[in-house]
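Below: the structure, in C-alpha cells.
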Ligand code: MN3
C-alpha cells in the first residue's frame with residue numbers, strides 16, 4: 001500500500017502572519033509531496049529488487065528510503081505540532097512541570113540556540129527518553145529520525161532553508177522565534193503523555 005500526503009488540520013493561510021499561505025502551500029504540496037512520491041517509488045523498486053534477489057540494489061535503495069521516508073515521517077509530525085496563532089495552547093500540569101524541571105524557564109531559548117547552529121539541513125526536536133524518563137533537546141541532520149537517537153519525538157521543527165526562506169530569507173533565528181507563536185502545545189503534551 002502506498003504512502004500518501006496526510007491532510008493538514010489547518011488551511012494554508014491559517015499560520016499567517018508567521019508563515020504565509022504561499023510558504024505553507026509550497027512546503028506541503030511540493031516538498032512534502034515530493035518525499036511521498038519518491039518514497040513510494042523507492043519502495044516499489046526495492047520490492048522489485050527483492051523479487052530478483054538483487055541484494056546490492058536493495059542496499060543501494062535503502063538510502064532513498066531513509067531520506068524520502070524520513071522526510072515524509074518528519075514533515076507529518078511537524079504539521080501536527082503547528083496550530084494557528086493562539087490556538088495551540090500552552091504546556092500545562094505535569095508536562096509543564098517536566099519542562100521546568102529540565103530547562104527552568106529557558107526551554108525556548110535553549111531550543112532555538114541548539115537549532116540555529118545545525119549545519120545545512122536538518123531538524124530540531126524535543127524528545128522524551130524512556131531510559132532516563134526525561135526531556136531532551138536534540139537535532140538530526142538531513143531527514144534522519146529522532147528515534148535514531150533513542151528518543152520519542154514530542155515536537156519538531158524543520159530547519160531546512162525551504163521551511164523559512166520565503167518569509168524569513170536566510171534568518172533561521174527569526175523563523176524559530178515565530179514557530180513558538182504557532183506551536184500546538186496540545187499535540188506536544190499529548191505525545192508526552194502517550195510516551196510515559
Ligand atoms: Mn521541509
Exercise. Search segment 42-80 for residues being closer than 30 Å to residue 154 by Cβ and over 21 Å from the mean Cα position of the chain (by Cα), and hand back the single one that is surrounded by the fewest Cβ atoms within 10 Å (Cβ to Cβ).
Key: 43
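Determine, yes or no, whether residue 34 is surrounded by fewer than 19 Cβ atoms within 10 Å (Cβ to Cβ) and closer than 26 Å to residue 194 by Cα. Give the derivation first.
Working: surrounded by fewer than 19 Cβ atoms within 10 Å (Cβ to Cβ): yes; closer than 26 Å to residue 194 by Cα: no.
Against the criterion (surrounded by fewer than 19 Cβ atoms within 10 Å (Cβ to Cβ) and closer than 26 Å to residue 194 by Cα), residue 34 does not qualify.
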Exercise. Please state which of the following conditions residue 150 fails to meet, knowing it meets all the rest: (1) surrounded by 15 or more Cβ atoms within 10 Å (Cβ to Cβ); (2) more than 13 Å from residue 123 (Cα to Cα).
Key: (1)
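Bear in mind that the values in this text are calculations on the coordinates, not laboratory data. Predicted model, so just to flag it, every value in this text is computed and none were measured. So basically every Cβ, Gly included, is an ideal-geometry build from the backbone, and we count neighbours across all protein chains shown.
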